[in-house]
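> Before I ask anything, let me first share the structure, which is written out below as structure tokens.
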Amino acid sequence: MFRKLTALGFALLLFYADGVGAEQWVRVKRVADGDTVQLADGRLVRYIGVNAPEINHERNTAEPLGFDARSRNIELIGSQRIRLEFDIEPFDDYGRTLAYVFLPDGSMVNEKLLQSGVAHCLYRMPNVKHEARLLRAQRDAMQDRRGIWREWCEKEGRYVGNRNSRRFHAAACPEATRISPKNRIAFAKRWDAFWAGYSPSRECLPFSGTSFK
């Protein structure tokens, strides 16, 4: 089996075998959006634990503050060297490298995006090493009404969260009815769900509909 591995694939296998805490210094080629960068070696890096509003793609229009999130990411990173810190799972379903991104001064970009209010927490097992730290950053932005939280205004509604996935749904969403009773948690407001570290379900609560009136 090992004979079939390319030289690059074998190198990556050895590198990621170190598991949690492994790290690497790299150079950024470009900032793709608010939570993704492309490295000089061609790899795409998706930030762990955060989700920024989307910019426009071929089939989708930009979500509110999507370009603000990308601008903030550019402001933080530019084209400088960054340090990637890995968690348990090294890649996502699209083959992108998953990482916590650190600047030369030691600050974490994932955290700074949340503090700026241009992203929200995105819990996803098993990569939860810095979960508590990232949630604190989001709550700071929510308290100070920064970015996506600045003009937040909503009426009470009915939302159902899944304690396992940390996703929340509109109560009428078919996915909500599939959550087992022991994993269900009710929220009267989307704000409360975000505060608890839950993120909106793409099936019934797209991010563009969760941030404003």
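> Say we look at the stretch 163-195 and pick out the residues that are in a helix (DSSP H, G or I) and over 18 Å from the mean Cα position of the chain (by Cα); which of these is surrounded by the fewest Cβ atoms within 10 Å (Cβ to Cβ)?
Pro181
> Just checking, does the stretch 143-155 include any residue being surrounded by 14 or more Cβ atoms within 10 Å (Cβ to Cβ), charged (D, E, K, R), under 14 Å from the mean Cα position of the chain (by Cα) and more than 21 Å from Glu23 (Cα to Cα)?
No, the stretch 143-155 has no match at all.
> Within the set of pairs 6+ apart or on separate chains, which have a first residue in the stretch 155-180 that is closer than 14 Å to Asp192 by Cβ, a second that is among the hydroxyl-bearing types (Ser, Thr, Tyr) and at pLDDT 95 or above, and C-beta atoms under 6 Å apart?
Pairs found: Gly161/Tyr198; Arg166/Tyr123; Arg166/Tyr198; Phe168/Tyr159; Phe168/Tyr198.
> Tally the residues that are crowded, with 18+ Cβ neighbours inside 10 Å and among the acidic types (Asp, Glu), restricting the search to the stretch 36-67.
Qualifying residue count, the stretch 36-67: 2.
> Which pairs do you get when a residue that is farther than 23 Å from Glu151 by Cβ, found in the stretch 115-139, comes within reach of a residue that is open to solvent by less than 40 Å² (accessible area, probe 1.4 Å) and among the hydroxyl-bearing types (Ser, Thr, Tyr), reach meaning Cβ atoms under 7 angstrom, with the pair 6+ apart or on two chains?
That search, which allows pairs on different chains as well, returns Tyr123/Ser199; His130/Tyr100; Glu131/Tyr123.
> If Asp35 satisfies all but one of (1) farther than 30 Å from Trp152 by Cβ; (2) modelled with pLDDT of 95 or more, what's the number of the condition it fails?
All conditions are met except number (1).
> Just give me the residues in the stretch 167-186 being touching a helix residue (DSSP H, G or I) at 6+ places or on another chain (Cβ under 9 Å), within 17 Å of Arg202 (Cα to Cα) and not aliphatic (A, V, I, L, M), in sequence order.
Arg167, Phe168, His169
> I'm told Val160 meets every condition in (1) of a type in the set (A, V, I, L, M, F, W, C); (2) in a loop (DSSP other than H, G, I, E, B); (3) open to solvent by less than 20 Å² (accessible area, probe 1.4 Å); (4) more than 30 Å from Leu39 (Cα to Cα) except one. Can you identify the failing condition by its number?
(2)
The values are calculated or read from the model by the stated rules, or taken from the named source; none is laboratory data. These figures come from a predicted structure and were not determined experimentally. Neighbour counts run over all protein chains shown; Cβ positions are idealised from the backbone, glycine included. Side chains included, ligands, DNA and RNA excluded: accessible areas come from the protein's heavy atoms. Shrake-Rupley method; radii C 1.70, N 1.55, O 1.52, S 1.80 Å.
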